[in-house]
Amino acid sequence: MKILIIDDERAIRNSLKEILEMEDYKVDTAENGSDGCEKAEKEKYDAIFCDIKMPGMDGVEVLSKLVDDGVETPIVMISGHADINTAVECIKKGAFDFIEKPLDLNRILITIKNATDKANLVEVTKVLKKKVYGQEMIGESEGIMHVRDMIGKVAPTDAGVLIMGPNGSGKELVARSLHQLSRRSMMPYIEVNCAAIPSELIESELFGHEKGSFTSAIKQHKGKFEQADGGTLFLDEIGDMSLAAQAKVLRVLQERKLSRVGSDKDIEVNVRVVAATNKNLQKEIEKGAFREDLYHRLSVIVIKVPSLDERKSDIPLLINHFLEKISSETAMPRKEFSPEAVSMLMEKTWPGNIRELRNVVERLLILGGNPISVQDIKDYVI
């Protein structure tokens, strides 16, 4: 296990380093905040101990920078000038724990154990979420690499994101990736398909309702915004949302408050909204079907997901991924595609995008030979 100590006092750095090395930890040190941040972002540490009172960049600034930059290592703040307000501020900013000087060996060792236990739990949770969400963005084409780069830059922030792209291109996967790589990843991720909910029900679905607010409202209902409090709300096909619902969404984004249908009481919510559409919202604005002010609120960052026809070089990788995934999920024996069959699929146009390709792979896995041949594609696809 590897520990980083950030402290401007050489005596503290060295003594803590010696103590931890005696316990078989590998230890790096930094004498100021900027050096500490540089090391923390380059190396993978199991825990970071950071002094609060340092010249130049103090410990609270170090903590804020590391959290903002997405460093997930548990950070333990240490100080000889501790007060309860400073401790509370550090915990609110994302510190794992707060320890006062003089440092107690047993307290340090217990803190390291708790910090690493938490880190392991977070890692296990990520693996489980990956299984639940199927989070894998397959491909090495320029278009998909650009999308990955955008996700990496945007996910740690709370900026509004509008994902644009044709149906079946993977917009939902982008939204889930934004959530999983964000600081909200341990909080709820709620999806709403705006096109699948009747216009008369969308407000109740999003904002909730009180008992008796309409005929079928037999009990109080929390809407999707409340359910996503602290986390991420993904509004898919937002171009199909009614203007009345758009106005209410805009209010929530501006004021971070909502009121349920049938109530005039405000409820505060802290939700990051990620929206997606296959429509040209600029044209919808011109037609009067979409609010321009909501568009600007949602589109702080725009991520354009390429169609499969724009990234055909990824088809071999996607075929292999779907073969593996479908075989493991259905217990069907895995088959291979002949090179000629893959080439034929790369020449095909894909109006249904990734979703269509997955269906084709599953169909060929069921009906095709082994290896899956050009004739199989002619018989079952083209």
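In table form, for the structure just shown:
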{"item": "Every pair of residues 6+ apart whose Cβ atoms lie under 7 Å, when the first sits in segment 23-46 and is without any contact (Cβ under 8 Å) to a residue 40 or more places away in the chain while the second is hydroxyl-bearing (Ser, Thr, Tyr) and assigned to a loop (DSSP other than H, G, I, E, B)", "result": "ALA40/THR73"}
{"item": "Hits in segment 293-333 (condition: without any contact (Cβ under 8 Å) to a residue 12 or more places away in the chain and among the aliphatic types (A, V, I, L, M))", "result": "ALA331"}
{"item": "Pairs with Cβ under 9 Å, 6+ apart, first in segment 212-227 and farther than 30 Å from MET186 by Cβ, second assigned to a helix (DSSP H, G or I) and not aromatic (Phe, Trp, Tyr)", "result": "SER213/SER204; PHE214/SER204; ALA217/SER204"}
{"item": "Residue match in segment 35-50 (condition: over 28 Å from SER182 (Cα atoms) and of a type outside the set (A, V, I, L, M, F, W, C))", "result": "no"}
{"item": "Residue list for segment 1-59, restricted to those being at negative phi and small (Gly, Ala, Ser)", "result": "ALA11, SER15, ALA30, GLY33, SER34, GLY36, ALA40, ALA47, GLY59"}
{"item": "Hits in segment 216-230 (condition: of a type in the set (Asp, Glu) and outside any helix (DSSP H, G or I))", "result": "ASP229"}
{"item": "Some residue of segment 303-319 being surrounded by 14 or more Cβ atoms within 10 Å (Cβ to Cβ), modelled with pLDDT of 95 or more, in contact with a strand residue (DSSP E or B) (Cβ under 7 Å, 6 or more places away or on another chain) and within 30 Å of PRO339 (Cβ to Cβ)", "result": "yes"}
{"item": "Residues that are assigned to a loop (DSSP other than H, G, I, E, B) and within 24 Å of ASN120 (Cβ to Cβ), drawn from segment 53-78", "result": "ASP69, GLY70, VAL71, GLU72, THR73, PRO74"}
{"item": "Scope segment 209-236; condition crowded, with 21+ Cβ neighbours inside 10 Å and over 25 Å from the mean Cα position of the chain (by Cα); matching residues", "result": "HIS209"}
{"item": "Residue in segment 280-299 that is loosely packed, with under 15 Cβ neighbours inside 10 Å and among the basic types (Lys, Arg) present", "result": "yes"}
{"item": "Helices (runs of 4 or more DSSP H) wholly inside segment 272-382 that include at least 1 residues being more than 27 Å from the chain's Cα centre (by Cα) and under 30 Å from LEU162 (Cα atoms)", "result": "281-286, 339-347, 353-367"}
{"item": "Those residues of segment 155-191 which are part of a helix (DSSP H, G or I), surrounded by 22 or more Cβ atoms within 10 Å (Cβ to Cβ) and hydrophobic (A, V, I, L, M, F, W, C), in sequence order", "result": "VAL174, ALA175, LEU178"}
{"item": "Pairs, first in the same structural domain as LEU201 (by TED's automatic domain parsing) and on the phi > 0 side of the Ramachandran plot in segment 228-252, second surrounded by fewer than 20 Cβ atoms within 10 Å (Cβ to Cβ) and in a helix (DSSP H, G or I), C-beta under 9 Å, six or more apart", "result": "GLU237/ALA195; GLU237/ALA196"}
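For every residue, the table says whether it meets (1) among the aliphatic types (A, V, I, L, M); (2) buried (at least 16 other Cβ atoms within 10 Å of the Cβ).
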position: ALA275; (1), (2): yes, yes
position: ASN278; (1), (2): no, yes
position: SER343; (1), (2): no, no
position: LEU357; (1), (2): yes, yes
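The values are calculated or read from the model by the stated rules, or taken from the named source; none is laboratory data. Because the structure is predicted, anything quoted here is derived from the model rather than measured. Glycine gets a Cβ as well: all are built from the backbone with ideal geometry, and neighbour counts include every protein chain shown.
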